[in-house]
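The values are calculated or read from the model by the stated rules, or taken from the named source; none is laboratory data. Worth saying up front: this structure is predicted, and the values here are computed from it rather than measured. So basically every Cβ, Gly included, is an ideal-geometry build from the backbone, and we count neighbours across all protein chains shown. Accessible surface areas use protein heavy atoms only, side chains included; no ligands, DNA or RNA. Shrake-Rupley method; radii C 1.70, N 1.55, O 1.52, S 1.80 Å.
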Amino acid sequence: MNRKATMLAAGVAAILATAVLALAAGQQAAYAANVNIDIVSGASTKTNDAFSPNPGQAHVGDTVVWTNKDGAIHTVESGANGTPDGKFGVKPDKSPELIPPGKTLEFKPTEAGDFKYFCSLHPAMVGELKVS
Ligand SMILES: [Cu+2]
């Protein structure tokens, strides 16, 4: 093969490799879903009805998105009040992520299980995320 033909072959191989990677990524995206959970209006005065749906249902690899539809700041911290487990809803320093009105918090579960969570500002607000 001359130099031009070699470069052409390398170019075609690179395009094919990119196409295969894109296909694989597309298939992964087809299985992973967004799971939406609302922090409902008036959540501050609610308990296990502060989050909807509750319990939430997700699969490993999904993106769980909590949206604050209330007018007050809330948090979605994994574990229970007094015994947080730091699996989601916390910053690297383990302090809770604040979710202002209209904002979201995301969590991508990497393992199955039942994850309890609460709002650290209004600890009566409790929820559960079931991951299969
Ligand atoms: Cu709250």
Of those in segment 115-126 that are part of a strand (DSSP E or B) and over 15 Å from the mean Cα position of the chain (by Cα), the residue surrounded by the most Cβ atoms within 10 Å (Cβ to Cβ) is Phe118
Pairs with Cβ under 9 Å, 6+ apart, first in segment 102-129 and under 14 Å from Asp62 (Cα atoms), second open to solvent by 50 Å² or more (accessible area, probe 1.4 Å) and within 13 Å of the ligand (Cβ to nearest atom): Leu105/Glu97
Among the candidates Asn48, Asn54, residue that is within 16 Å of the ligand (Cβ to nearest atom), of a type in the set (S, T, N, Q), open to solvent by 30 Å² or more (accessible area, probe 1.4 Å) and within 16 Å of the chain's Cα centre (by Cα): Asn54
Quick one: which residue in Glu106, Glu111 is among the acidic types (Asp, Glu), at pLDDT 95 or above and assigned to a loop (DSSP other than H, G, I, E, B)? Glu111
Among the residues of segment 92-115, which ones are basic (Lys, Arg) and either touching a Lys or Arg at 6+ places or on another chain (Cβ under 9 Å) or within 15 Å of the ligand (Cβ to nearest atom) (or both)? Lys103
Sole residue being surrounded by 16 or more Cβ atoms within 10 Å (Cβ to Cβ) and not charged (D, E, K, R), chosen from Leu98, Leu105: Leu105
Please go through segment 63-83 and give me each residue that is over 20 Å from Lys103 (Cβ atoms) and under 20 Å from the mean Cα position of the chain (by Cα), ordered by number. Gly79, Ala80
In segment 63-78, the residues that are open to solvent by 10 Å² or more (accessible area, probe 1.4 Å) and either in contact with a helix residue (DSSP H, G or I) (Cβ under 7 Å, 6 or more places away or on another chain) or part of a loop (DSSP other than H, G, I, E, B) (or both): Lys69, Asp70, Gly71, Ala72, Ile73
